[in-house]
Structure formats: C-alpha cells, structure tokens
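We did not get these values from a lab; they are worked out from the coordinates using the rules stated. Just so you know, these numbers come straight off a predicted model, no measurement behind them. Because the Cβ atoms are built from the backbone with ideal geometry, glycine has one as well, and the counts that use them run over all protein chains shown.
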Amino acid sequence: MKIKLLDIAHGRSGDKGDAANVGIIAYDDKGYEIIKNHLSKEVVKKHFEGICLGNIDRYELPNIRALNFVLHNTLGGGGTVSLKLDAQGKTLAAALLRLELDVEN
C-alpha cells in the first residue's frame, strides 16, 4: 500500500550555509511509526537525487513525533554565494511531503 507523506505528516525546513534542514512531523503516533520505519536517509537521498550532493544525517525526535534530516552539500554554497536561482532550503519540506511511501498493511 502506498501512503502520501503529506497525508500523515507536515514539515518545516530551512537552511544554514550549504546544508538544508528538513523536519517531518507526524500527526499522530501511528504516522510516527510509519515515518520512523520507512523514511530512511536512503529514501530521502533518492528523493532529492541531483539536489542533495552530500551526506544526509537523520535524527529521531520521538517526544514530538518527528524526524529531522540535515542534507549536506545541497544549496550550491548557500544563499550568498550560490548561482542557484533559489539557494535557500525553505521549500524542501514541501518537496519531501510529495513523497509516497510503500507501506505494508
């Protein structure tokens, strides 16, 4: 069964230099179990293929039912030095929420 991430969670993102920060927060405990078990660093890396050129760190925050991802080497050096049209990480949470997770019943 496929589940759209945006149906079970919301997100926030930002940036610091060349790293983007993406937080995914589940609406309830069931959603948190799904993202904890299925939203891995590898899944996020594949979703941002061609955008995230570095490593990804994943942090679990069970007290707020959230996962936080730090995407290194993602913003072309950051807002002040990048030649990218939008070298900010503010839209990456919205992009990640479009992901569909393949979840067993």
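Among Gly14, Gly50, Gly31, which one shows the highest mean-square fluctuation when the chain is modelled as a Gaussian network with alpha-carbon springs under 10 Å?
Gly50
Let me check against my output: what whole-number percent is the relative contact order of the range 29-73, with C-alpha pairs under 8 Å and at least 6 apart?
Over the range 29-73, the number comes to 37 percent.
Just to check I understand the Karplus step: with θ = phi - 60° and J = 6.51 cos²θ - 1.76 cosθ + 1.60, what whole-Hz values come out for the range 13-21, glycine and proline as x?
Couplings: 8, x, 8, 8, x, 9, 10, 10, 10 Hz.
Let me have the 222 nm mean residue ellipticity of the chain computed from DSSP H runs of 4+ only, each contributing -39500 (n - 2.57), with the sum over all residues rounded to the nearest 500.
After summing the helix terms and dividing by residue count, I get -6000 deg cm²/dmol.
Under 21 Å between alpha carbons, and skipping anything fewer than 8 positions from Lys30 in its own chain: which lysines qualify?
Lys2, Lys4, Lys41
For the chain, with a Gaussian network of springs between Cα atoms less than 10 Å apart, report the residue from Val22, Val70, Val44 with the top mean-square fluctuation.
Most flexible of the set in this elastic network: Val44.
Please identify the longest segment of the chain free of exposed GluC sites (Glu not before Pro), where exposed means a DSSP state other than H, G, I, E or B and no more than 13 other Cβ atoms within 10 Å.
Answer - 50-103.
Taking a virtual spin label 7 Å from the Cα of Lys16 along the C-beta vector, which residues in the range 48-75 bring their backbone nitrogen under 17 Å of it?
Correct set: 55-61, 67-75.
Test of understanding: extend the Cα→C-beta vector of Lys2 to 7 Å, then name every residue of the range 41-56 with backbone N under 16 Å from that spot.
47
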